[in-house]
Amino acid sequence: MLHWIKKITKTVSDKGGIFTFLRAQLSSQLASITDFLVTIALANVLAYLFHKPEGFYVLRATFIGQVCGGITNCVVNYRWTFKAKDVKKRYVVLRYLPVWGLSLFLNTSGTVFFTDLLTKIPWIMDHSSPLRTNIFILPKIIVSLFVGFVWNYNMHRFFVFKNFNLKRFFRMDKTDDNTK
C-alpha cells in the first residue's frame, strides 16, 4: 500500500499536463486554507475587539488573509507546481506582484461587494442569526473559486512561472542580415 501511495505521489509531482493542473489546484487549496484561516480568525478577533460594523473587519481581514495566502501560493507554485527553478526569483516576484495584485483586488472587492448585498437581506442580519458574524465566508468562497480558475491559474501558468528568454528576441544573428 505504501509503495502504491509513493508511486502516485511521484507521478503527480513529476509529470506535466493535467498533473500540473492538479498540482496548481492543490497549491491553490493550501493557499486558500491559509487565507481562510487567517481571514476568519482575524475577522472574529476584530469584531470582538472593536464592535464595529461588518464592513470594517471584513475588508481588513480579507486583505490580510489574501496577503498570507498569496505568499503561500507563490512559494508552493515556484518550488512544486510549476517547478520554475530555472526562472530567477526576482523575475517571478516582478511578474507575480501585478498578477497577484489584481487577484487581491478582485477577491477583496468581490467579497466585500457580495457580502454587502447579503447584509441587505433582513433575515440574515437578524441579531439572533448565527450567520451574521461570518456572512462573508460564502461570498469569499464563490469569488475566490472564480478568480482562481479564470485569472490566477492561467496567468501563473503562461506568464508568472514561465522562463522568458527575451535576449533571443532582441539578438540579431549577423549571418542572417548579411546573407539577405
Checklist line | Residue check for L49: without any contact (Cβ under 8 Å) to a residue 24 or more places away in the chain and surrounded by 13 or more Cβ atoms within 10 Å (Cβ to Cβ) | finding: no
| message | So for the range 91-101 (the condition being within 18 Å of F36 (Cβ to Cβ) and either buried (at least 17 other Cβ atoms within 10 Å of the Cβ) or under 11 Å from the mean Cα position of the chain (by Cα) (or both)), does at least one residue qualify? | response | yes
Residue set V87, V99, V93; condition of a type in the set (V, I, T), outside any helix (DSSP H, G or I) and out of contact with any Leu (no Cβ under 7 Å at 6 or more places or on another chain); output residue V87
Picked from the range 136-164 (must be buried (at least 18 other Cβ atoms within 10 Å of the Cβ) and hydrophobic (A, V, I, L, M, F, W, C)), the residue modelled with the lowest pLDDT is F136
Picked from the range 29-45 (must be in contact (Cβ under 8 Å) with a residue 60 or more places away in the chain and hydroxyl-bearing (S, T, Y)), the residue nearest to Y153 (Cα to Cα) is S32
Among residues of the range 14-28 being among the small types (G, A, S) and assigned to a helix (DSSP H, G or I), the residue farthest from Y153 (Cα to Cα) is S27
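The values are calculated or read from the model by the stated rules, or taken from the named source; none is laboratory data. Just so you know, these numbers come straight off a predicted model, no measurement behind them. Cβ coordinates were reconstructed from backbone atoms using ideal geometry, including for glycine residues, and neighbour counts include every protein chain displayed.
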